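One structure is given below, encoded as structure tokens.
Just so it is clear, none of the values below were taken in a lab; they were calculated from the coordinates. Every value quoted in this text rests on a predicted model; they were computed, and no experiment measured them. Every residue, glycine as well, gets a Cβ built from its backbone with ideal geometry; the counts of neighbours run over all protein chains shown.
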Amino acid sequence: MTRTGIVYHPIYLQHETDGHPEKKERLVAILDMIKSEALKVEYITPEPVTRDQIAAIHGERYIDQVRAISEHGGGYLDIDTILSRGSYDASLMAAGGAIAAVDATMNGFDHAFALVRPPGHHAMPNRGMGFCIFNNVAIAAKHALGRGLERVLIVDWDVHHGNGTNAIFYSERSVLYFSVHQYPHYPGTGKATDVGEDGAEGTKVNVPLPTGTGDEGYLMAFREILRPIALEYKPQAIIISAGQDPHKDDPLGGMRVTAAGFGAMAGAVKEVADICCQGKLAAVLEGGYNLQAQAEAIVSEIRAFQGTVPEVRGIDLKVAQRIEEIKKIQRAYWKCFQ
Ligand SMILES: [Zn+2]
């Protein structure tokens, strides 16, 4: 029997953002739909991240700065990243939630989805940005490596490039980072030629996609780029930076992915997990700003993890051309493209 964990803590609702699209109602809508669709899941209560776990990714001064702003009642970390009194504690628990999802897959669960906020993939070592405070997925990947793993795959399908995650692991071979993102778009990073450095070349796989890309184009990138590279890399753990903002109805993205498309992407990652790591998968919530659309997308993803994968067929000619360019760039590092 498949065991699916949902990591959640009510403290995530105490990150108050006051009229901002990244609001607590996002989590409430997802939890409501998981219940109303009667998905078979078990709830997992996380612990806050420890100082050592967070300092493995973020600078001490930056961590103290976030705590001080929260303690003083809140304020702005950057133009679109707001902190309230509860934000520091929520942020520690968000990173702890990502860790709990990874640990769950090592302790009896097949998959775990961490429904956390604030999100994390834009957070840099010494700077929060783009609604993100601490880089939850990076902290969880570092934790997995600390448990003795040597190769972790992060799949980031948020509509925005995960510049923080990409930068944090840019010279680390132990993390394969695959990102599909709308380009050009916020935050402006994530060119196909950004492949990593200092011996980690090829372990950063950036797939910038044209505005308007839908299910077919996304699935081509997963089948033709992610799958062959991942099977050659042989990850021991897989973490998804699951942002549902490439959804066709998302107010902040310009893509056309449907709920079925999200399920198909989840299924494509699950196939890699089945081959490389006994089907084990952790997912961590990033963006997604249409309440109904992102909840439907997540339900479709969880069903795919559990074995019901929607079928997506068809060719996107613009994306086909982009994929050939990326294969040419990555050919120097991966036998599968030689
Ligand atoms: Zn996003």
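Near GLY190, within a Cβ-to-Cβ distance under 10 Å, what is the net charge of the other residues, with Lys and Arg +1 and Asp and Glu -1?
0
Among SER91, SER171, SER70, SER179, which comes first, second and so on when ranked by fewest other beta-carbon atoms within 10 Å? Spell out each step's value before the answer.
Values: SER91 31, SER171 14, SER70 21, SER179 27.
Ascending number of Cβ neighbours within 10 Å: SER171, SER70, SER179, SER91.
Residues with beta-carbon under 15 Å from that of GLU47, excluding GLU47: net charge, scoring Lys, Arg +1 and Asp, Glu -1? Write out the running numbers ahead of the final one.
Details: positive: ARG51; negative: ASP52, ASP89, ASP103.
Counting the neighbours of GLU47, the net charge comes to -2.
Can you check how the C-alpha radius of gyration of the chain compares to 2.2 N^0.38 Å, as a plain ratio?
Dividing the Cα radius of gyration by 2.2 N^0.38 Å gives 0.90.
Looking at the chain, send over the antiparallel percent of its DSSP beta bridges, to the nearest 5.
That works out to approximately 15 percent antiparallel.
Relative contact order for region 4-337: what percent, with Cα pairs under 8 Å and sequence separation of 6 or more?
Reported relative contact order: 18 percent.
For the chain, which DSSP H helices look membrane-span-like by this rule: Cα extent along the axis of 18 Å or more and mean Kyte-Doolittle of at least -1.0?
Those that pass (Cα extent of 18 Å or more, hydropathy at least -1.0) are 87-106, 259-276, 291-305, 317-330.
Give, rounded to the nearest 20 debye, the magnitude of the charge dipole that the chain has about its Cα centre when Lys and Arg contribute +1 at Cβ and Asp and Glu contribute -1 at Cβ.
Computed charge dipole of the chain: roughly 620 debye.
Between region 262-323 and region 175-228, what's the alpha-carbon centroid distance in Å?
Their Cα centres are 15 Å away from one another.
What does the charge count around SER241 come to, taking other residues whose C-beta lies under 10 Å from its C-beta (Lys +1, Arg +1, Asp -1, Glu -1)?
Charge balance near SER241 sits at -3.
Filter the cross-link list LYS23/LYS270; LYS234/LYS270; LYS280/LYS328 down to pairs whose alpha-carbon distance in this structure exceeds 19 Å. Kindly include the intermediate steps, with their values, before the conclusion.
Working: LYS23/LYS270 29 Å; LYS234/LYS270 13 Å; LYS280/LYS328 31 Å.
With Cα atoms farther than 19 Å apart: LYS23/LYS270; LYS280/LYS328.
Test of understanding: what is the full-extension gain from GLU150 to LYS328, defined as 0.36 nm times their sequence separation minus their Cα-Cα distance?
Stretched fully, the GLU150-LYS328 segment lengthens by 61.4 nm.
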